[in-house]
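This report refers to the structure that appears directly beneath it.
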Amino acid sequence: MFDFLFKKKTAELPELFFHTDVHCHIMPGVDHGSPDEETSLKLIESEQTWGIERIILTSHVTESTFENNPDTLAAGFKRLTDAVASAGNPIRLAYSAEYRIDALFTEQYKNGMLVKMPGDYLLVENSFIQEPWGLDNLLFDLKINGFKPIMAHPERFGYYYNDKKRYTALHDAGNLFQVNLLSLAGYHGADAKKIAEWLVEQGYADFLGTDMHHISHFEAIDKYLRSKDFKKLMPKLEKTVKNDKIEF
Ligand SMILES: [Fe+2]
């Protein structure tokens with residue numbers, strides 16, 4: 001009868017101001033995210049508990065490890081949309097990719113093989129070791145060729161931590177930033193969390209993404225969304241995050 005005294009109270013989920021995820025690895029069987037359609041459906045359902053209604057699938061395109069191309073991405077999308085339709089799930093899906101800036105990217109760009117997000121956005125990812133050589137020129141070139149580059153999780157690149165002015169320069173040059181909810185949740189460590197919060201405070205968080213690969217990512221984000229930390233950042237995020245403005 002005193003059970004309630006011992007039950008851990010789960011903090012309530014606030015009503016979210018965005019209903020679109022712009023970065024995740026839920027497309028089945030194309031990278032180290034979801035391995036199959038069944039898992040993809042579970043991950044989609046988990047995001048729906050937050051009120052997510054639309055998801056842009058951004059599987060890795062990375063030299064040597066995940067050499068996806070327009071055909072592999074289209075095939076993965078077909079497998080998933082078929083599974084979603086048979087399950088009668090109302091989620092709205094679109095797809096693009098998370099393009100690591102490497103030799104494969106240069107080749108696919110040159111050959112017109114990049115798959116844009118709706119609205120001509122393109123999610124690009126720096127190397128984790130050092131800033132890609134010629135990054136400014138590349139981003140400029142993408143922009144004059146009709147792409148709107150979004151830098152994936154800039155808070156995860158340690159080489160910027162002692163050079164925050166670089167974030168400002170990149171953002172001032174018209175490059176958009178996508179901050180990971182996982183980083184804000186502390187999943188990538190205390191430094192990434194601190195920098196992610198700083199980016200939000202500066203008004204640089206143009207997009208929020210889950211970067212969800214598996215269910216433990218859902219659990220970490222779910223806990224964070226119910227936290228005081230998130231509630232504190234919500235008013236600022238609401239002003240800058242444009243996830244729902246992408247039309248599809
Ligand atoms: Fe990712």
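The values are calculated or read from the model by the stated rules, or taken from the named source; none is laboratory data. Since the model is a prediction, treat every value here as computed from it, not as a measurement. Keep in mind that these areas ignore ligands, DNA and RNA; they rest on the heavy atoms of the full protein, side chains included. Shrake-Rupley method; radii C 1.70, N 1.55, O 1.52, S 1.80 Å.
Accessible surface of the chain, 1.4 Å probe: 53 percent of it comes from carbon and sulfur atoms. When the Gaussian network model of the chain links Cα atoms closer than 10 Å, the mean-square fluctuations of 65, 210, 20 top out at 65. Accessible surface area normalised per residue over the chain is 48 Å², counting heavy atoms of protein chains with a 1.4 Å rolling probe. Which one of 21, 141, 211 has the biggest mean-square fluctuation once the chain is modelled by GNM with Cα springs under 10 Å? Taking springs between Cα atoms under 10 Å, the residue moving most is 141. The average projected area of the range 18-245, computed from the convex hull of its Cα atoms over all directions, is 11.5 nm².
In the chain, helical runs assigned H by DSSP with n ≥ 4 each contribute -39500 (n - 2.57); averaged across all residues and rounded to the nearest 500, the mean residue ellipticity at 222 nm is -12000 deg cm²/dmol.
The range 107-134 and the range 171-215 have Cα centres lying 18 Å from one another. Distance from the Cα centroid of the range 79-101 to that of the range 226-245 is 25 Å (rounded to whole angstrom). Over every Cα atom in the range 117-168, the radius of gyration and the widest Cα-Cα span, Dmax, amount to 11.7, 34 Å. Here the extension length gained between residue 19 and residue 87 equals 22.4 nm, from 0.36 nm per residue of separation less the Cα-Cα distance. Taking the range 1-123, how much of its Cα-Cα pair set, in percent, is spaced more than 20 angstrom apart? The calculated P(r) of the range 1-123 puts 49 percent of pairs beyond 20 Å.
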